[in-house]
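So the structure is just underneath, and the comments pick up after that.
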Amino acid sequence: MRLLVTGGAGFIGSNFIRYFLRRYPETELINVDLLTYAGNVANMKGFSVYPGYRFVHADINDRRKLEPFFASGLEAVVNFAAESHVDRSIDAPVIFARTNIDGTVNLLSLAQRYGVKRFIQISTDEVYGTLGAEGVFTETTPLAPNNPYAASKAGADLMGLAFYTTYGLPVIITRCSNNYGPYQFPEKLIPLVIINALREEPIPVYGDGQQVRDWIHVEDHCRALERVLLDGRPGQVYNIGARTERTNLEVVRRILQLVGKPERLIRFVGDRPGHDRRYAMAVDKIRGELGWEAQIDFRQGLAQTVAWYLEHRNWWRTILSGEYQDYYQRNYGYRLEGQ
Ligand code: NAD
Ligand code: DAU
């Protein structure tokens, strides 16, 4: 298979490439990543031993640079590349529209022009908005995004489906719940809590901490994407989730127990504007059609994730170090301190 993956230096994209190349080492895989603050060359360690692997440093908006790869024939595109952090989208929404919507449309139009046989758009449960105490999101739940990140992902989903309906491009949308696991950038809740706890620094909990997320281990997500890539139906949306609903406070307390640190590190801080209260995913469709379901138990997966961050202190220390901060100050005009 000749596959173009975008965002493969980030959290889920790098886990997916590692998973996929181990399973199909003969794959010709082109990894396109801009290496933004969230892209990290250390996440791609070991990939180059696979003879068919190639890294391309490029923006998914860069048509000129990407066109030759499409022109030389691709079976599939898997688009992970995105600005992915909700808090950043609230502070600086423009780049979210540019990468998540414009970038996706650029890839879709190249895929259409050069006859790509399958286009997997990696989306999120956030496009459905928020739930109250009851109910779950299904694939037919109306889109009702509440923050700029979620709105940009919903825009990309709609463009993908429009390319399917209008031009017959075989687009498939996957919508996954909150991932956790190795290589997650320490701005997201779980790695941030692990690292702050290890350093005995305050742990910010937004609002009352009773918001609910449906946590899935990244490896379960990768396994689901493999099934969708191989056997998913074009024009369809597939929800992916693990039915592991936990309040943020439960997650924080569990991590503190795992690392043996006191609850007095918890700080209740101001809430995130437009904060979604609860996500929960119905996964009957992917289970019924593709025989997939999550396998990794949350307690075990979380303990393994904590162990990974303990064993890979250099990975996150480098991210938090002055050198990395200076790099971002130079390139992006801000520092990541406190993340
Ligand atoms: P991430 O922020 O860790 O990684 C994003 C990657 O995209 C980085 O390597 C970055 O360098 C790259 N990138 C950003 N802008 C780019 C551009 N213009 N051109 C090329 N590359 C660019 O994100 P993640 O958590 O791994 O999420 C990956 C995808 O999965 C995203 O599309 C996100 O919306 C989706 N998703 C994430 C979750 C989650 O819990 N993290 C859940 C559901 C869906
Ligand atoms: O649901 C899928 C989405 O999950 C993905 O589409 C996004 O890319 C991914 O970033 C994630 O979004 P969330 O906003 O749910 O993840 P985050 O880790 O930022 O926050 C998880 C919850 O924890 C959320 O309710 C906000 C809360 N939170 C987060 C941080 C960073 C805190 O209470 N304190 C924090 O410091």
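The values are calculated or read from the model by the stated rules, or taken from the named source; none is laboratory data. Please read all numbers here as calculations on a predicted model, not as lab measurements. Neighbour counts run over all protein chains shown; Cβ positions are idealised from the backbone, glycine included. These accessible areas exclude ligands, DNA and RNA; they are computed on the full protein's heavy atoms, side chains included. Shrake-Rupley method; radii C 1.70, N 1.55, O 1.52, S 1.80 Å.
Here are the numbers for the structure shown:
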item: Charge dipole magnitude, Cβ of K and R +1, D and E -1 - the chain, Cα centre, debye nearest 20; result: 440
item: Bridge type composition, the chain - antiparallel percent by DSSP, nearest 5; result: 10
item: Globularity index of the stretch 1-160, i.e. its alpha-carbon radius of gyration over 2.2 N^0.38 Å; result: 1.06
item: q = 0.08, 0.12, 0.14, 0.15 Å⁻¹, the chain: log10 I(q)/I(0) [Debye, one scatterer per Cα]; result: -0.35, -0.84, -1.18, -1.38
item: Highest-MSF residue in the chain out of 102, 157, 91 [GNM, Cα springs under 10 Å]; result: 91
item: Accessible surface, per residue, of the stretch 1-107 when the full set of protein chains is kept, probe 1.4 Å, Å²; result: 40
item: For the stretch 131-208 versus the stretch 283-311, the gap between their alpha-carbon centres in whole angstrom; result: 16
item: Carbon and sulfur %, accessible surface of the chain computed with the full protein complex present, 1.4 Å; result: 50
item: Kirkwood hydrodynamic radius over Cα pairs of the stretch 107-198, then Stokes diffusion coefficient at 10 °C and 1.306 mPa s, in µm²/s; result: 104
item: Per residue Cα convex hull volume in Å³ - calculated over the stretch 132-178; result: 93
item: Residue 178 long-range amide H proximity, modeled H, under 5 Å; result: 214, 216
item: Lys pairs, the chain - Cα-Cα below 22 angstrom, 8 or more residues apart or on other chains; result: 5
item: For the chain, calculated [θ]222 nm from helices alone, where every DSSP H run of n ≥ 4 adds -39500 (n - 2.57); result: -12000 deg cm²/dmol
